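One structure below.
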Amino acid sequence: MRVIGLMSGTSYDAIDAAAADLHLDGADLTLRPLGMVSGVYEPGLRAALGAALPPAATTLAEVCRLDTLVGQAFAAAAVRAQRELCDGRAELIASHGQTVFHWTDDGEVRGTLQIGQPAWIAEATGLPVVSDFRPRDIAAGGQGAPLVSLVDLLWLRGRPGAPVALNLGGIANLTAPDGTAFDTGPAGALIDAAVRRSTGRDFDAEGALAARGTVREPLLRRLLDEPYYARPAPKTTGKELFHEGYLLAALADFASSAHGDAAPSDEDVIATLTRLTARTVADAVRSLSATGSSRGAGSPPVTEVIVSGGGTRNPVLMAMLREELRGVPLRLSDGLGLPAAAKEAYAFAVLGFLTVHGLAGTDPRSTSARHARVLGSLTPGRSGFPVIRAGARQPVRLVLR
């Protein structure tokens, strides 16, 4: 089956569309990547999204408007992928949509909202669409994230040692071989907020601003006091916590207690936030093999970290990660056959494929759900709903061709 996966992450900077040929072969799910196309949100739409995201207030009218406009933007990405990557032969679209709120209450996830009305995608492409992946896991008692963990587990199974998969988007998340998976904290979320505040640009291209700054250790210690980092897995977070207002409050608190220390420059703040991402990711990796961690005593030490996501394009962040990981090899997912920039879009193509085969898209060890569940809602294409291929066997490995 030829499937297009659509993804826009917590940075809401672009829509990625990745196409893959997928088929089941006994215990193996085989994936042949066909490529990715990516396009940025139109500036007005991106600004409207940013203005509606927490902690900002919004209205149901604006949510309705954004649901339509984001759906139309996703539809355009799907049409482009069908034309440029699939020779018009895709059979299914799997759309993650755009997360606008992930409702957590004292560590428990109670709901989630992804917008990008799938009817626009189905109408533009004529293909059935699987969407709204996260709510079913939450209804089953799970965190609804990170959903790519099942794909990571299938993909890394059989690799020697104890490899960990890491994704660096707006938020960083990781998956360990035993199924432990969680959000470690911000990846680009706070860095991007600081860059927008100081320059008006969306991100620190090539890590240039961080490279000009100096990590301010007192500020770093203040940021590391955030209680989220000390919470045990499973846990999930987002821009509901790590947003510009959070950063401004932290900077104001630091300034009031700095006892005469010079105020950090904008570049110093960005360098410190970059180190914060590297430190919290590395601390989370180390916790996986620590006595009494969520994996339990006696877990083997992590042997490599395989990284993907937009953060891989920041060389300063990657260099800091290598320093913080203290000799644990850091490898790009490209070297194992999944392009770092496209891995999440491919992952949702896999999840959509599993759905139309009646197969679970979660591992309860990763999300803490009571049971594995088939994910998503189906929107029919011109020929109706896809045929659910009942009786398929749950795969245990993802094989790249």
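The values are calculated or read from the model by the stated rules, or taken from the named source; none is laboratory data. Model, not experiment: these values are computed from the prediction. As a convention, Cβ positions derive from the backbone with ideal geometry for all residues, glycine included, and neighbour counts pool all protein chains shown. Heads up: the accessible areas ignore ligands, DNA and RNA and are worked out on the full protein's heavy atoms, side chains in. Shrake-Rupley method; radii C 1.70, N 1.55, O 1.52, S 1.80 Å.
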Of all DSSP beta bridges with both partners in the chain, the antiparallel percent, nearest 5, is 65
Against the longest alpha carbon principal axis of the chain, how many degrees, from 0 to 90 and to the nearest 10, is the axis of helix 189-199 turned?
60
Relative contact order for the chain using alpha-carbon pairs under 8 Å, separation at least 6, rounded to a whole percent?
24
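Taking the mean number of other Cβ atoms within 10 Å as a proxy for protection, how do you rank 350-358, 50-58, 8-16 from highest to lowest?
350-358, 8-16, 50-58
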How large, in percent, is the carbon and sulfur part of the accessible surface of the chain at a probe radius of 1.4 Å?
53
Decide, for the range 60-150, between rounded, prolate and oblate: order the square roots of the alpha carbon gyration tensor eigenvalues as a ≥ b ≥ c, take rounded if a/c falls under 1.5, and otherwise choose prolate if a/b is larger than b/c, else oblate.
oblate
Mean separation of Cα contacts under 8 Å, 6 or more apart, over the residue count of the range 249-401: relative contact order %:
14
Given only helices, namely DSSP H runs of n ≥ 4 each adding -39500 (n - 2.57), what is the per-residue ellipticity at 222 nm of the chain, to the nearest 500 deg cm²/dmol?
-11000 deg cm²/dmol
Could you state the angle between the C-alpha long axis of helix 343-356 and the longest principal axis of the C-alpha atoms of the chain, as a value from 0 to 90 degrees rounded to the nearest 10?
40
Quick one: helix 266-287 against the long Cα principal axis of the chain, what's the angle to the nearest 10°, folded into 0 to 90?
60
In debye to the nearest 20, the charge dipole size for the chain, taken about the Cα centre with +1 at each Lys and Arg Cβ and -1 at each Asp and Glu Cβ, equals 980
Å² per residue, accessible surface of the range 163-268 at 1.4 Å
40
